[in-house]
Structures are given as C-alpha cells and as structure tokens.
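Written out below as structure tokens is the structure these notes cover.
Just so you know, all these numbers are worked out from the coordinates, no wet-lab data involved. Just so you know, these numbers come straight off a predicted model, no measurement behind them. A quick note on method: Cβ atoms are made from the backbone with ideal geometry, for glycine too, and the neighbour counts reach across all protein chains shown.
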Amino acid sequence: MEIRFRDRREAGRILGQRLATYANRSDVLILALPRGGVPVAFEVAKALKAPVDVFIVRKLGVPGDEELAMGAVATGGIRVLNENVIRALEIPETVIETVTEKEKQELERREFIYRGDRPPLDVRARTVILVDDGLATGSTMRAAVAALKQQQPARIIIAVPVASPSTCEELRSEVNEIVCLATPEPLFAISLWYEDFSQTSDEEVRDLLEQTMKGSSVSSTNSSPP
C-alpha cells in the first residue's frame, strides 16, 4: 500500500499548499480537532499566516451504545442534539442531561489543559477552516460542523489529508468547501496513510498552540483583508 505522508506535520504542509488561496487573509481562522488534527493545523496556519485554535468536540453517546451519538458538546458552550435518535430511542431528558454534564466536564478539562484561561477565538463572520488528520466515518467532524454553525461563521471549510471517499462526499453538502488530499478506496484506516501516526500528546497540543499564539499578533498585523 502506498504511504501518502511521512507524518502529520508533512501532511499539514502539503494541505497548506492546497489552501494557498486563503493565505494572508484577515478573515481566515484555522480550527483543529484535537489531538491529531493539531500538528496538521499548525503547519496549515504557518502556510496561510492565519491564527489557529482548538475546537474540542465531545460526542454525547447513547448509554449502552456509546458509538451512537445523540448529540455533541463543543468549544464555546455549544450543544447540539440529534432529535431523530432521541425520539426513535425515546431517550429521557434526565439521561440526556446526565451524559451532557459528564462530557462537558471532560471538554472543560481539555480546554484548560490546551489553552489555560485564554478564551476561544471568536469565529463570528470569519472564514473557518476545520482541520483534522483524517476522516473515517466523519462523525466527530460532522458534530464539529453542526456546533460551529451555531456560532455563525461566514464560511466553513473542512480540510484533511486523507478521507474515506464516501465520507468526503457526504460532508460536502454540509459546508462551503471540503478539501481532501487523498481519498483512497478502500480507506481501511487513517493510520495506514502515514509512516508515523504516533499518538499526539496533550503536551504537544499545548506547546504547538503556545507557539502559534506567540506569532498570531504578528500574523494579524501583517494580514490583509480579503
């Protein structure tokens, strides 16, 4: 099987080249899905000279079938519910609230680890590029898009190095643009398309965000309007 990328950083550099039309624009913001999406997004942000932040999403799994999402919570205090799943399974409000509270606590824990007391970047009226290291089922990215829409960005672009062809197509109708560098069929697993797919640590996420924060004011000053 052909290996597409050496590691996430190389994938991000190539992805940044593909997104060159968004470089040096004051309205562009990169949001990474942690943890694996952060090294990719770091390189995209460097290429585009755009600010970057994490966008944390926690699925609200159905008790007993946690892979089935009845909703999600995300950065910015956002909650979205899948009313079709809730209605079909007759999930009580008390169960929804219990699961929500548990996932909110985990989300807040991660937010603090990654950014400390720094508030999330404001996405309203911005062009937001959502970045991850790959899309298999796309469930987390789909939840991220749904949550992000509630914050009223001007445009949403999904950008990933590798994705299942069907997932890429399914998500295309939900955003303004989707960029998938490689869409192998069959995908098998995202990890197969990287020579190094070692787990990204919380420390690496925090370090990369701190690096980007140091340069963000410079990027903002040098950027020009679209």
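Structural remarks
- Coil-residue GluC sites (Glu not before Pro) of segment 134-220, DSSP, other Cβ within 10 Å capped at 14: E195
- Our helix-only sum for the chain, with -39,500 (n - 2.57) per DSSP H run of n ≥ 4 divided by its residues, gives a mean residue ellipticity at 222 nm of -13000 deg cm²/dmol.
- Net charge dipole size for segment 58-115 [Lys, Arg +1 and Asp, Glu -1 on Cβ; Debye, nearest 20]: 320
- Measuring nothing but how far apart in sequence close Cα pairs (under 8 Å, 6+ apart) lie, relative to its length, the chain scores a relative contact order of 27 percent.
- Within segment 1-142: Cβ-based charge dipole about Cα centre, in debye rounded to nearest 20 (Lys, Arg +1; Asp, Glu -1): 820
- For the chain, built as a Gaussian network whose Cα springs stay under 10 Å, the top-fluctuating residue of I86, I158, I14: I86
- Note on the chain: dipole from Cβ charges, positive end direction compared against A189, S139, V28; the farthest Cα belongs to V28.
- Rel. contact order, % - alpha carbon contacts under 8 angstrom, at least six apart, segment 1-104: 20
- 9 Å beta-carbon shell around A159, net charge (K/R +1, D/E -1): -1
- Counting charges near D27 (Lys, Arg +1; Asp, Glu -1) among other residues having Cβ under 13 Å from its Cβ returns a value of +4.
- Net lengthening on full extension, Q150/Q199 (0.36 nm per residue, minus Cα-Cα): 14.6 nm
- For segment 58-115, the alpha carbon positions stretch 38, 19, 19 Å along the principal axes, listed from largest to smallest.
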